[in-house]
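Before any comments, here is the structure.
The values are calculated or read from the model by the stated rules, or taken from the named source; none is laboratory data. Keep in mind the model is a prediction, meaning the values are calculated, not measured. We place every Cβ from the backbone using ideal geometry, glycine too, and count neighbours over all the protein chains shown. Ligands, DNA and RNA are excluded from the accessible area calculation, which covers all protein heavy atoms including side chains. Shrake-Rupley method; radii C 1.70, N 1.55, O 1.52, S 1.80 Å.
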Amino acid sequence: MLTEPLTGTIDPENFTPRLIALLSNALVWRESHELRRRFGLGTNDWRVISALAIRPGASATEVTDFIGVNKAVVSKSVTTLAARELITLVDGPRGSRPLYLTPAGVRMHDEMLPVSTNGQDIILEGMDPAHVAALNTLLRDMIDKVRVANADEAAELDEAPTPV
């Protein structure tokens, strides 16, 4: 039983992944709470609506890739949003199911948008636009590095010998 802190641990106040996660969690909690209170929908539902506003006709798989969440999360949101007639699924080529916002979905997007953008306003308040642009560039670079590392690790697993 461990009763004393270990030596050689991370510095929680300067461990960048922890800080990014804490910021993200705080923003998601704030946004989700407000979206549920006002619209009866959560952050994942908002992400699907927002993705379809940007990419009308995207498939659920394309939405999953775009917003970077598990397929089950998108599937649940698609079911919820379709039941509320905020999105529609149509028959596409070769059995695909493109997703589109309905007129009610467009209105919902426009009503939900300020809740999401308010989170950005909170964290960027007082920042110089050049610093915001530099920050966004750094974050995109970090995301790219993680994606490359994940792809490399997946390739290594595919190449690993199968245990007998």
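Using only alpha carbons, the range 1-155 has a radius of gyration to Kirkwood radius ratio (Rg to Rh) of 1.05. In the chain, a dipole from Cβ-located charges (positive for Lys and Arg, negative for Asp and Glu) runs towards its positive end, and of Ala130, Leu2, Ile67 it is Ile67 whose Cα lies farthest in that direction. Quick one: angle between helix 71-83 and the longest Cα principal axis of the chain, in degrees between 0 and 90, rounded to 10, please. The angle comes out at about 30 degrees. Between helix 129-159 and the chain there is an angle of about 80 degrees, using the helix long axis and the longest principal axis of the Cα atoms.
Extending 7 Å from the Cα toward the beta-carbon at both Val28 and Thr3 defines two label points whose distance is 3.7 nm. At a 1.4 Å probe radius, carbon and sulfur cover how many percent of the accessible area of the range 1-134? Its accessible area is 56 percent carbon and sulfur atoms. Dipole size of the chain about its Cα centre, with +1 on Lys/Arg Cβ and -1 on Asp/Glu Cβ: approximately 820 debye, rounded to the nearest 20.
Solvent-accessible surface of the range 41-141, taken per residue with a 1.4 Å probe and all protein chains present: 59 Å². The spacing between the range 110-136 and the range 1-27, judged by their C-alpha centroids, is 25 Å. When nucleic acids and ligands are ignored and a 1.4 Å probe is applied, Val73 ends up with an accessible area of around 50 Å². Between Leu89, Leu138, Leu41, the residue with the greatest mean-square fluctuation in the GNM of the chain (Cα pairs under 10 Å linked by springs) is Leu138.
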